[in-house]
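Note sheet for the following structure.
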Ligand SMILES: Cc1ncc(COP(=O)(O)O)c(C=O)c1O
């Protein structure tokens, strides 16, 4: 059983079918084909307005290119200190921003609070030797599996407006956040002030389906050139775009995300019934962060269950992991089988019971 991440599974059948259908015949290359045009129109419909869409192959490329449009080389991009852009992209955002820096702030469950961002921005000296803040980047879902509510997004959007920052959303798990909130894509983005979005579909059924969606037109101006320089203008663009046709058709993307979130809800509710197990913070999408006894951790690993240990940096101040405990991350996906979740829970309960009896 593998709960290591949501990219450990393949692509979903409707996505693969859409690629197969797009495969026949000859069409213009580099995204100038009918399928890419259709998918761009579909993005306009989904976001209820005209948007610019750039297809890329990885979330790292989406983030780095999006931020390179929003932040000049002398600028600062504020993010959470556990953000994927700061921790997991090998410096790609800084590389593509040509020298700009990322400033990581703390926050429970890897979420930023508007008041903390505002206080940080106000604390920055305004001198020519100080890099001026130019963008805020948040991850929706956060790296801690938490979801920003619309009020929180709106407050962050307000801070960005007040301080003249562009607002970037890393939506590697966009659909999981969307169905968790039960709102529309427009409500979760530009209506709260988001200017540019990394729209991820790979984790939720895509093969390599990522897109940069731009709401603030000036941020799109040079993105085609930037994409080309990053090797991200995809030669057989129709095959990349076609993934989104399969993804969006019949609300397949929302069904996938609902399933993943339901599996995580089952997992977190079940884990809370296991003596000695608690959650580091609430699970709001498709990731669960339980604190478990080390003996249970050893037993789960010995049973062949795969998952990662996690940093304690984003725990609430009132919570701490004792010496005999460990904080772990369990991730569910569109393909997680309910029987596997139940098997994990049974194993955890019986193991804790067995250890207590010893
Ligand atoms: C929050 C977040 N952003 C972006 C990404 C995308 O990264 P990749 O370049 O691996 O597609 C990930 C993948 O783990 C992620 O968790």
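The values are calculated or read from the model by the stated rules, or taken from the named source; none is laboratory data. Given the structure is predicted, the values throughout are model-derived calculations rather than measurements. Cβ placement follows ideal geometry from the backbone for every residue including glycine, while neighbour counts extend to all protein chains displayed.
A few comments on the model shown:
- Within region 95-135, tally of residues that are closer than 23 Å to residue 65 by Cα, crowded, with 20+ Cβ neighbours inside 10 Å and within 19 Å of the chain's Cα centre (by Cα): 5
- Contact map, region 54-74: first residue over 11 Å from residue 202 (Cβ atoms) and assigned to a helix (DSSP H, G or I), second residue at pLDDT below 95 and within 9 Å of the ligand (Cβ to nearest atom), Cβ cut-off under 8 Å, separation 6 or more or different chains; the map is empty.
So that you can scan it fast, the table gives a plain yes or no per residue for (1) free of Cβ contacts under 8 Å to residues at least 60 places away in the same chain; (2) buried (at least 20 other Cβ atoms within 10 Å of the Cβ):
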residue: 148; (1), (2): yes, yes
residue: 154; (1), (2): yes, no
residue: 176; (1), (2): no, yes
residue: 218; (1), (2): yes, no
residue: 222; (1), (2): no, no
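- Restricting attention to region 166-196, the residues that are away from the ligand (no atom under 16 Å from the Cβ) and either more than 22 Å from residue 220 (Cβ to Cβ) or in a helix (DSSP H, G or I) (or both) total 10.
- Breaking point among (1) part of a strand (DSSP E or B); (2) not assigned by TED's automatic domain parsing to the domain that holds residue 121, for residue 4: (1)
- Qualifying residue in region 140-149 (condition: outside any loop (DSSP other than H, G, I, E, B) and assigned by TED's automatic domain parsing to the domain that holds residue 236): no
- Helices (runs of 4 or more DSSP H) completely within region 218-285 that count 3 or more residues being closer than 22 Å to residue 150 by Cβ and not assigned by TED's automatic domain parsing to the domain that holds residue 197: 252-272
- Near pairs, Cβ below 7 angstrom, 6+ apart or cross-chain, from region 316-337 (on the phi > 0 side of the Ramachandran plot and not assigned by TED's automatic domain parsing to the domain that holds residue 306) to any residue that is modelled with pLDDT of 95 or more and surrounded by fewer than 21 Cβ atoms within 10 Å (Cβ to Cβ): none
- Criterion (modelled with pLDDT of 95 or more, surrounded by fewer than 21 Cβ atoms within 10 Å (Cβ to Cβ) and touching a strand residue (DSSP E or B) at 6+ places or on another chain (Cβ under 9 Å)) met by exactly one of 279, 266, 271, 254: 279
- The one condition from (1) touching a helix residue (DSSP H, G or I) at 6+ places or on another chain (Cβ under 7 Å); (2) without any contact (Cβ under 8 Å) to a residue 24 or more places away in the chain; (3) within 13 Å of the ligand (Cβ to nearest atom) that residue 86 does not meet is (1).
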